[in-house]
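For reference, the structure discussed in these notes is given below.
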Amino acid sequence: MVKTKKRVALVIGSGAIKCAASIGMFQVLKEENIEIDLVVGCSGGAIYGVGIAAGMEPVEIQELSDSTWTKDLMQGYLVNLKASKDGTLKFNERSGLVDDSFLNEKLKGIAGDREFADLQTPLIVVATDMKDGEPVELSEGDIFNSVRASLAIPMIFPPWEIDGTLLIDGAASNPLPIDVAIQHGADVVLAMGFTLDYRSKFRSLTAVQEQMTSIYMNNIFKNSYAFNNLAHHSEIFPIIPEFDSVISMFDIHKMPHIIERGREATLEQLPHIKRLMG
Amino acid sequence: MDIKINYVEGVGVISIGGELDAQSSAELTQFFNKQIGESSQNFVADLEGLAYSSSAGIRIFLGMSRESRRNGGDLRIAAVQPQVDKIFKLSKFDRIVKIFPSVDKAVQSFKQ
């Protein structure tokens, strides 16, 4: 039997607030009537993956996005950081520096009571097994738990347990999970990914740690992209938005700029995507 | 896509123009396979006229590089345009093959 229709997967990688660029990508795909057969989301990308897979309009996703990245997400961070340094806060594998009640509340607002089976388009969320570092695919049951696990940024948000497995941020193992899309039969992969910004000044231990994290993460990102690119039988379209300035986690005022950069990066690839889709 | 070859100091300089993707990559593979058995095992891919390369394009270049090396030669890349350079770097292709700013520099590199 000859296969004719190309199966299209949308992959949204980790990148916290930068993942809002996927709203711009989604706008373009809707305008061009490009149908998505599978959505894969990792970390911040999982939030937007839910909106897209649920069939929300871009403007609705933007409203949810605007209410997500607020400073109360980091409730308790500074106090707990200090306490962890002076030894008054005992850390273990279930700890995080942030009181995650705000994050959980926001994610419940996004996911609602939805289960994966309720979504219009199949969604796979990627997290990481805290015990062995292996990526874990989540695509069944309650959406909130999966997105919460995928967003558990190490040491910041506490890990999240699902079915006896302690899970952390999907970015730790698979920041742009193109392989998941390939494994689930995608021909055309539209992969929106984000690298971490590098610093130019280092005035604290935290600054150096952040720089090291950026180096590790960006190399994982590129190495896994390179491997997946070699492994795939058809096309992977990398949609990598470029930003004029550093985007920090709570730059809500930059949201229009982030979305616009997502649009631009998608429009750059659009003629090639359309040509392949015939 | 436009493909042509000329020889400079024994090196096959393959000029590739236009856009390289899953559909056009078969043409380049076919062209290269004809060259590799016939003459020099050293090649330079002149990409000055290549405006776009997709992920499938990268795989073709890697295949060309592998074949050249298997035959005791090499494929080197010259005059990469910014859009193509971005995808080369993202794919870490620039860690696998030698890339030069001009065809002349790429050809001369075979003498060193």
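A few points about this structure:
For (1) surrounded by 14 or more Cβ atoms within 10 Å (Cβ to Cβ); (2) away from chain A (no Cβ under 14 Å); (3) under 28 Å from A:GLY193 (Cβ atoms), each residue gets a yes or a no:
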| position | (1), (2), (3) |
| --- | --- |
| B:ALA56 | yes, no, yes |
| B:ARG66 | no, no, yes |
| B:ALA78 | yes, yes, no |
| B:SER102 | no, yes, no |
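- The residues of region B:24-35 that are open to solvent by 10 Å² or more (accessible area, probe 1.4 Å), more than 14 Å from chain A (Cβ to nearest Cβ), touching a strand residue (DSSP E or B) at 6+ places or on another chain (Cβ under 8 Å) and not aromatic (Phe, Trp, Tyr), listed by number, are B:GLU27, B:GLN35.
- Here A:THR266 clears all of (1) within 20 Å of A:VAL11 (Cα to Cα); (2) free of Cβ contacts under 8 Å to residues at least 40 places away in the same chain; (3) assigned to a helix (DSSP H, G or I) except the condition numbered (2).
- Looking across region A:202-230, not a single residue is at pLDDT below 90 and under 21 Å from A:ILE12 (Cβ atoms).
- Region A:58-73: number of residues that are open to solvent by 40 Å² or more (accessible area, probe 1.4 Å), free of Cβ contacts under 8 Å to residues at least 60 places away in the same chain and either touching a helix residue (DSSP H, G or I) at 6+ places or on another chain (Cβ under 6 Å) or not charged (D, E, K, R) (or both): 4
- Qualifying residue in region A:203-226 (condition: without any contact (Cβ under 8 Å) to a residue 12 or more places away in the chain, closer than 19 Å to B:LEU20 by Cα, open to solvent by 30 Å² or more (accessible area, probe 1.4 Å) and within 14 Å of chain B (Cβ to nearest Cβ)): no
- Considering only residues in region A:233-267 that are within 11 Å of another protein chain (Cβ to nearest Cβ) and surrounded by fewer than 16 Cβ atoms within 10 Å (Cβ to Cβ), the one that is nearest to the chain's Cα centre (by Cα) turns out to be A:GLU242.
- From the options B:ASP94, B:ASP21, residue that is without any contact (Cβ under 8 Å) to a residue 40 or more places away in the chain, within 13 Å of chain A (Cβ to nearest Cβ) and loosely packed, with under 15 Cβ neighbours inside 10 Å: B:ASP94
- Residue match in region A:26-38 (condition: basic (Lys, Arg) and surrounded by 15 or more Cβ atoms within 10 Å (Cβ to Cβ)): no
- Members of region A:246-258 that are over 29 Å from B:SER55 (Cβ atoms) and in a loop (DSSP other than H, G, I, E, B): A:SER248, A:MET249, A:PHE250, A:ASP251
The values are calculated or read from the model by the stated rules, or taken from the named source; none is laboratory data. Owing to the predicted nature of the structure, the values given are computational and were not obtained by experimental measurement. For neighbour counting, all protein chains shown are included, and Cβ atoms are generated from backbone atoms with ideal geometry for every residue, glycine included. Just the protein is used for accessible areas: all its heavy atoms, side chains included, with ligands, DNA and RNA removed. Shrake-Rupley method; radii C 1.70, N 1.55, O 1.52, S 1.80 Å.
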